[in-house]
1. Exposure proxy check: Glu364, Glu246, Glu331 ranked by fewest other beta carbons within 10 Å?
2. What FRET efficiency comes out for His527 versus Val347 if R0 is 35 angstrom and r is the Cβ-Cβ distance? Round to the nearest 0.05.
3. How far, in nm, would the chain grow between Trp138 and Glu63 when pulled straight, counting 0.36 nm per residue and subtracting the alpha carbon separation?
4. First measure r as the distance between the Cβ atoms of Lys26 and Ser224, then evaluate 1/(1 + (r/R0)^6) with R0 = 60 Å and state the FRET efficiency to the nearest 0.05.
5. Starting from the 7 Å offset along Cα-to-Cβ, what nm value, one decimal, do you get for the label separation of Leu56 and Asn457?
6. Would you pull out the residues with amide H under 5 Å of Glu45's amide H, same chain only if 5 or more places away, H placed 1.01 Å from N?
7. Do the alpha carbons of any pairs in Lys97/Lys309; Lys36/Lys367; Lys97/Lys282; Lys220/Lys559; Lys67/Lys240; Lys120/Lys532 sit beyond 27 Å of each other, and which pairs?
8. Calculate one ³J(HN,Hα) per residue across segment 310-325 by plugging θ = phi - 60° into the Karplus curve 6.51 cos²θ - 1.76 cosθ + 1.60, and present them in order as whole Hz with x for glycine and proline.
Amino acid sequence: MSNYVIGLDYGSDSVRAVLVNIDSGKEEASSTHLYKRWKEDKYCEPSINQFRQHPLDHIEGLEKTIKSVLQKTGVEGNSVKAICIDTTGSSPVPVNKDGKALALTEGFEENPNAMMVLWKDHTSINEANEINHLARSWEGEDYTKYEGGIYSSEWFWAKILHIAREDEKVKNAAWSWMEHCDLMTYILIGGSDLESFKRSRCAAGHKAMWHESWGGLPSKDFLSQLDPYLAELKDRLYEKTYTSDEVAGNLSKEWAGKLGLSTECIISVGTFDAHAGAVGAKIDEHSLVRVMGTSTCDIMVARNEEIGKNTVKGICGQVDGSVIPGMIGLEAGQSAFGDVLAWFKDVLSWPLENLVYDSEILAEEQKKKLREEVEDNFIPKLTAQAEKLDLSESMPIALDWVNGRRTPDANQELKSAITNLSLGTKAPHIFNALVNSICFGSKMIVDRFESEGVKINNVIGIGGVARKSAFIMQTLANTLDMPIKVASSDEAPALGAAIYAAVAAGLYPNTIEASKKLGSPFEAEYHPQPEKVKELKKYMAEYRELADFVENKITQKNKQNEFAV
Ligand SMILES: Nc1ncnc2c1ncn2[C@@H]1O[C@H](COP(=O)(O)OP(=O)(O)O)[C@@H](O)[C@H]1O
Ligand SMILES: O=C(CO)[C@@H](O)[C@@H](O)COP(=O)(O)O
């Protein structure tokens, strides 16, 4: 009988599971579950950058996707030897003393502040600014230095501090806070002791200013100067952290019964989607793995001796063991990538939503069919028309900052802009400008890695956009002027999580060996087209100019507001 492992990847819109045959290395089945309440836009306020998710969305997805991959293959529950969970991050969740998500407890069921604060939620911009100001001014350790030197509102402490200030009830009811990847792991093992639970090295190192050199999380002295609540909370968080090739526990009796699996099934320590994706894409030294979804994450690995004490400026951190245990994991990325296109699709859909789907002329069945047709063809059709445009014509220039800038140099107060519009500008022109903008934002990251001494020999693309859009991948190859391979797995992050699970279960000696055998093959390679490379260089120069102009304008305005207060 073959052995199997399961990897679960919690993205922003859905959770995906893959069942992997350890002996053949084959992805035997996958399953996707869209979050119901998230799809209904519940608990979110995009106008104030509030994005929250109810834990029930995640728990329902856990059961549905695992049962689905077993049902599709008929694989015996006992032959599933291990599971690992990756999620988005930093997506912290307030929990009670039992480690139960607060939104699952009485009185908090409908309170967005008691739910998971999704990584893209930027309500904590002010708190992030306070952390950065204190880190630079208090004359103690600069706790941001291994996280690129700038703390982001997308991350752990800023989110917790914001919720604590916004909602006294949640602050007082939350015994502790857990990253989404840790909470889902804790649920699967039926966790009963938060203190001894093995928290994720990846999550702690990249988002919570955890580092071995200062004994774990930032000092209470630093935290108390932000808010006494954070210093107090530190006692109920954690000191040690663990890499995802380590065992967090066994599947609980309750969940073994629900899923039809064995309590012998190992659950490995949780991690983040991008880092698992890099392992699923067989990352090695000097490879840049780009996880291209609603946002992007850029992942690299380097030997300890190569990085040494160097701190790479303006990225999302360098963490020992966050990708390949024993190597330094480096992370950068863009706060919005596919989301830039989703935003434009949403803007263009106004007449559909407010006139067509509301009209009396169409029967409900026709509207339903039309909505499905539009959903399937919207971006592909825009893409087809954008591809035909002659780049030598004067094009609009756009920025990719609809959700701020993650790297290089995090600044979530930045907003996007589009210039060079004329009466002749049509939707495909703007779509093309937005595609260019997300590729130009990627180029800024590659340039920063290289200027900080991190050498890039090859680029690998994974994630929804890498698989869905040849146009974007070709534009990116032309922008970077480098070939880009695309992994054939639809679910590289979930595959990476499965790889960690296999190592934790002792089915492989280490993550590199397991990744070599179980990692995704490549299905396509995009090579730079010299003519387009030249044309895009011209637009890239205009992108840099617009970026400098917008950043200076916003920075000055914020300074004036500071003095005005
Ligand atoms: N045909 C397409 N071309 C370009 N982008 C697409 C296409 N279809 C979907 N997208 C984008 O892919 C993103 C979703 O990526 P995916 O990896 O599936 O999700 P997640 O980031 O949650 O893991 C969305 O932002 C969407 O706008
Ligand atoms: O930032 C990280 C990981 O560090 C990601 O979880 C975050 O960008 C969300 O990624 P997705 O766009 O949902 O794939």
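What follows draws every value from the coordinates through simple rules; no lab data is involved. Computed from a predicted structure; not experimentally measured. For neighbour counting, all protein chains shown are included, and Cβ atoms are generated from backbone atoms with ideal geometry for every residue, glycine included.
1. Glu364, Glu246, Glu331
2. 0.55
3. So the extension gain works out to 22.3 nm.
4. Calculated value: 0.70.
5. 5.1 nm
6. Gln50, Phe51, Arg52
7. Lys97/Lys309; Lys97/Lys282; Lys220/Lys559; Lys67/Lys240; Lys120/Lys532
8. For segment 310-325, the Karplus curve yields 4, 10, 7, 6, x, 10, 8, x, 9, 9, 5, x, 6, 10, 10, x Hz.
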